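Here it is, the structure in full.
The values are calculated or read from the model by the stated rules, or taken from the named source; none is laboratory data. Quick caveat, the model's predicted, so the values are computed rather than measured. We place every Cβ from the backbone using ideal geometry, glycine too, and count neighbours over all the protein chains shown.
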Amino acid sequence: MKSEEIRSKFLEFFQKRGHVIVPSSSVVPDKNDLSVLFTTAGMQQFKPFYLREKSPYGSNVASSQKCVRTSDIEEVGDERHLTFFEMLGNFSFGGYWKKEAISYAHEFITKEMGLSIDYVTIFEGDSEVFEDKESVNIWKAIDPNLTIKKFGREDNFWGPTGESGPCGPTTEIYVNGIEIWNIVFNEYFKNVEGKFEKLKQTGIDTGMGLERLTMALQKKETVFETDLFKSTMQVANSSIIADHIRTSVFMIADGVLPSNTDRGYVLRRLLRRAYIHARKLKIETETLNAVIGKVVEHPSYKGLYAFAENTKEIVMNEIEKFKKTLETGLKQVKADRDPFTLFTSFGLPLEIIKEVVPNVDEDKFKKQMEEHRKLSSSSL
Ligand code: SER
């Protein structure tokens, strides 16, 4: 089953069960939401409806949300972590509750997708929040043979996204050894003092990565072997390049431009990393251009997401500028200057310097970094 079909099946499944399908919001969050730099979950555009505001879509919605998570940027390339992904989710604001949410998820995974569940997890409880026995009973009633594992706050409790807000226990579904679906039961409000109060209106917030689900259905070892990456991997043959260029294209589509601050800096880092890897693998810059083309023309995104007409121009300008900076910096290092100048004069982080100056003394560099930080903070 192709990824576009999986996405449609998910949305149709929930539409048939009384959910309004809401288009993905931008990867740039609403200006009133300062909790994150990028949209990291499907629930983000619906946050106000869990608390005060009335949802204009009614109480039950579903979406496939464009998400960016760059906290694990260094881990991309290990075939599991993506900086951009689509999150399939169904949500309820004061509508249905645990029984329906779990039954829908079970039915979708086992019947609609034909996958078998390895095991599910639930919240084991702690001094502040009770064990989620209700979910255990619901799962047992659906399938008495299912393995149910219990975990603590680290694994089976979600939120709040900021200091305070709605949060609650989760139940998670594992397929082929990976977590595939996270179902959050928003039943508490964590206040600024860190205390948990019962929410007046409970809420459902679920998230399932389209890429992971596609990987399970297409029986692949990594997300980069699925149809979502087939064409980009054929051109670039590098998961880092395929991932970073795809994320950059989606960021630019939502108006992000390379810069030295905030979102623009994240985009800049992604493009620089993509270029550095291309350089290492002796891949021409032209190939990066071709990867952009493959993302923009991808059948899974056709008619669903709009891209910026000048995407290639923005990326190529940025890469050309970076190329020049890098070559000038490298010439200086060759002329026996300390690789640390690549940081002080050219703003290159260690992660990039390591790629271009393979014998860089990392410990020395880190010490220099420390000194540099001390000096710059004491001069403030
Ligand atoms: N908000 C939860 C998550 O990000 C479920 O969608 O995993």
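Out of A101, A141, which single residue is among the hydrophobic types (A, V, I, L, M, F, W, C), within 15 Å of the ligand (Cβ to nearest atom) and in a helix (DSSP H, G or I)?
A101
Something else: I want to confirm something. Restricting to the stretch 335-374 and keeping residues that are charged (D, E, K, R) and not in a helix (DSSP H, G or I), which single residue is farthest from the chain's Cα centre (by Cα)?
This residue is D336.
Pick from the stretch 366-380 the residues that are modelled with pLDDT of 85 or more and either exposed (fewer than 13 other Cβ atoms within 10 Å of the Cβ) or of a type in the set (F, W, Y) (or both): which of them is farthest from H277 (Cα to Cα)?
Checked the stretch 366-380; the qualifying residue farthest from H277 (Cα to Cα) is E371.
Next up: So, in the stretch 144-167, of the ones that are within 14 Å of the ligand (Cβ to nearest atom) and among the aromatic types (F, W, Y), which residue ends up farthest from F38 (Cα to Cα)?
Among residues in the stretch 144-167 that are within 14 Å of the ligand (Cβ to nearest atom) and among the aromatic types (F, W, Y), the one farthest from F38 (Cα to Cα) is F157.
Just to be sure, is Y96 among the hydroxyl-bearing types (S, T, Y) and in a helix (DSSP H, G or I)?
No.
Of all residues in the stretch 257-270, which are buried (at least 24 other Cβ atoms within 10 Å of the Cβ) and touching a Leu at 6+ places or on another chain (Cβ under 9 Å)?
Across the stretch 257-270, the qualifying residues are P258, L267.
How many of the residues in the stretch 321-365 are basic (K, R) and modelled with pLDDT of 90 or more?
4
Condition check: surrounded by fewer than 22 Cβ atoms within 10 Å (Cβ to Cβ), within 14 Å of the ligand (Cβ to nearest atom), not small (G, A, S) and not in a loop (DSSP other than H, G, I, E, B). Does Q65 satisfy that?
For Q65, the condition - surrounded by fewer than 22 Cβ atoms within 10 Å (Cβ to Cβ), within 14 Å of the ligand (Cβ to nearest atom), not small (G, A, S) and not in a loop (DSSP other than H, G, I, E, B) - is not met.
OK, next. Select from the stretch 15-60 the residues that are touching a Leu at 6+ places or on another chain (Cβ under 9 Å) and modelled with pLDDT of 95 or more and write down the one among them that is surrounded by the fewest Cβ atoms within 10 Å (Cβ to Cβ).
For the stretch 15-60, the residue satisfying everything is P23.
Go through the stretch 199-210 and count every residue that is more than 11 Å from the ligand (Cβ to nearest atom) and either assigned to a strand (DSSP E or B) or aromatic (F, W, Y) (or both).
Result for the stretch 199-210: 4.
In this structure, is L213 touching a residue at least 24 places away in the same chain (Cβ under 8 Å) and in a strand (DSSP E or B)?
The answer is no for L213.
Give the stretch 108-134 a look and list any residue that's free of Cβ contacts under 8 Å to residues at least 40 places away in the same chain, on the phi < 0 side of the Ramachandran plot and not β-branched (V, I, T), or say none.
If the condition is that a residue be free of Cβ contacts under 8 Å to residues at least 40 places away in the same chain, on the phi < 0 side of the Ramachandran plot and not β-branched (V, I, T), then K111, E124, D126, S127, F130, E131, K133, E134 are the ones that fit.
So which residues in the stretch 168-198 are more than 11 Å from the ligand (Cβ to nearest atom), in contact (Cβ under 8 Å) with a residue 40 or more places away in the chain and in contact with a Phe, Trp or Tyr (Cβ under 6 Å, 6 or more places away or on another chain)?
Listed by number, the residues that qualify are P169, I173, Y174, Y188, F196.
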